[in-house]
Structures are given as structure tokens and as C-alpha cells.
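Report on one structure; see the data block that follows.
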Amino acid sequence: MAVTAGSLAVAFVVSAAWWRRSSGPSRFEPAVQVMGLLAGITGIVAERWAANRERRAEALQAIGDELQANRKILTSPPFAMGTNPPARRQVYPRMNLSAVNAALSSAVLSPGRDETFASLLHEWRNEAEIFNHQLSLAEILAFTNGSDDVLRHLYQGLHSADGPLERMQDQLKVLLATSPLATASLRPHNAREAGRAR
């Protein structure tokens with residue numbers, strides 16, 4: 001890409017100098033070449049802009065889908081509010097983080113435009129990773145300790161006021177309401193299905 005852009009820039013300078021020095025009917029030849037080179041340079045910039053825009057849209061769609069799936073997990077048993085404490089030891093579902101990790105580790109989010117959104121994603125990822133680790137530790141304790149008090153304490157810790165479930169649900173609500181995700185929340189095939197349903 002750098003070689004192509006550099007070659008076009010050098011050719012543009014040479015053609016512009018040729019245009020200034022030429023006269024008569026041949027003067028149009030370098031003018032046409034200058035316009036062609038300008039179109040080539042503009043095309044490279046436009047192609048890069050369009051590719052970045054498409055990558056950003058795909059990343060936002062993946063993040064939105066992942067956050068919606070996590071919200072569904074947090075509102076389903078055994079995390080749903082109002083459910084009874086589990087009667088037996090179990091493996092809890094974990095928060096999905098692959099789309100968020102991929103977006104944060106790549107340059108798909110623009111530093112200026114998505115700075116606040118990226119900051120919220122970092123906070124969410126940290127909270128979700130801590131939550132997943134805490135669940136792993138609690139499960140190990142529950143399976144190695146024969147007392148049912150462990151299950152009761154785990155349930156109370158999860159569902160306490162300002163506990164991890166409440167904090168993560170609040171973070172998900174804020175994230176899904178941000179403008180990047182609010183505008184990318186409906187997939188094209190979902191839109192077609194909605195149209196057929198009408």
C-alpha cells in the first residue's frame with residue numbers, strides 16, 4: 001500500500017511538472033494523466049475508509065450480539081432474581097467475552113470516535129472476567145466442601161444488593177444503550193424476518 005501510494009504521488013508530481021511545461025495540443029495529455037492519478041489516490045483513501053467502516057460495523061454487531069447473549073444468561077436460572085437457591089452443586093454459565101476481546105485488541109474502534117464506548121467495554125470486560133473467576137473458585141469450593149452452607153452463601157453473594165449480578169446488569173444496560181450499539185442492534189437478516197412477519 002505504501003509503495004502504491006508513493007508511486008502515485010511521484011507520478012502525480014512528474015505529471016504536474018510536465019503539464020506546466022507543455023503547450024499546444026499535447027498539453028491535455030498530462031492533464032488527463034494528472035486527473036487519473038488523482039482518482040487513483042482518492043480511490044485508495046476511499047477504499048481504506050470503506051474497509052475500516054465495514055470492519056467497525058461488523059465488530060459492533062458482534063459485540064451487540066454477545067452482550068445480548070450475556071444479558072439473557074444473567075436473567076436465566078440460576079442467576080435470575082426471585083429463583084430459589086440451588087438444591088445441588090452445579091456448573092454456572094460464564095460470561096462470553098470473545099467479541100469484546102477481539103474488538104479491544106484490534107484497531108477496529110477509532111480512538112476519537114469510540115473513546116467513551118471503548119472505556120465502557122474495558123470496564124465490562126474487567127467485571128466479567130472477575131465474575132467468571134469468582135464463579136470458578138466458588139464451584140471448586142462447592143464441589144470440594146460437603147456443606148450446603150457453601151451453596152447458600154454463593155446464592156446470597158450473587159443476589160445481594162449491589163452484588164456482581166446487579167452491577168453487571170447495570171453495565172450491560174448502559175452499554176447496550178450507547179449510540180454505537182443502538183444503531184447497530186438489528187442484523188440485516190433479522191430486519192428481513194421482521195418484514196416478512198408483518
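Rule-based calculations on the coordinates, nothing more; no lab input. Everything numeric here is computed off the predicted structure, so don't read it as measured data. Because the Cβ atoms are built from the backbone with ideal geometry, glycine has one as well, and the counts that use them run over all protein chains shown.
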Revision key, fill the gap. The equivalent-ellipsoid semi-axes of region 120-189, taken as the square roots of five times the Cα gyration tensor eigenvalues and listed largest first in whole Å, are 32, 12, 11
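Residues with beta-carbon under 11 Å from that of Arg94, excluding Arg94: net charge, scoring Lys, Arg +1 and Asp, Glu -1? Could you put the intermediate results ahead of the total?
Numbers: positive: none; negative: Glu129, Glu139.
Residues near Arg94 contribute -2 overall.
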Point to revise | Calculated SAXS-style log₁₀ I(q)/I(0) at q = 0.13, 0.15, 0.20, 0.22 Å⁻¹ - region 34-119, Debye, Cα scatterers | key: -0.63, -0.73, -0.95, -1.03
Practice item. Using 0.36 nm per residue of separation minus the Cα-Cα distance, give me the extension gain between Thr183 and Val45 in nm, one decimal. Key: 47.2 nm
Study note, to complete from the structure: Quick calc: nm separation of the 7 Å Cα→Cβ label points for Asn101 and Asp148 -> 3.7
Revision key, fill the gap. Placing each pseudo-label 7 Å from Cα in the direction of the beta carbon, Arg53 and Thr75 end up separated by a distance in nanometres of 3.3
Review point. Quick one: if you stick a label point 7 Å off each Cα along the C-beta vector at His122 and Ala11, how many nm between them?
Key: 4.3
Practice item. Express in whole angstrom the spacing between the alpha-carbon centres of region 113-137 and region 41-65. Key: 24
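For region 80-141, count the residues as N, evaluate 2.2 N^0.38 Å, and divide the Cα radius of gyration by that value, please. Each step should come with its number before you reach the end.
Working: Rg = 15.8 Å, N = 62, 2.2 N^0.38 = 10.6 Å.
For region 80-141, the normalised Cα radius of gyration comes out at 1.50.
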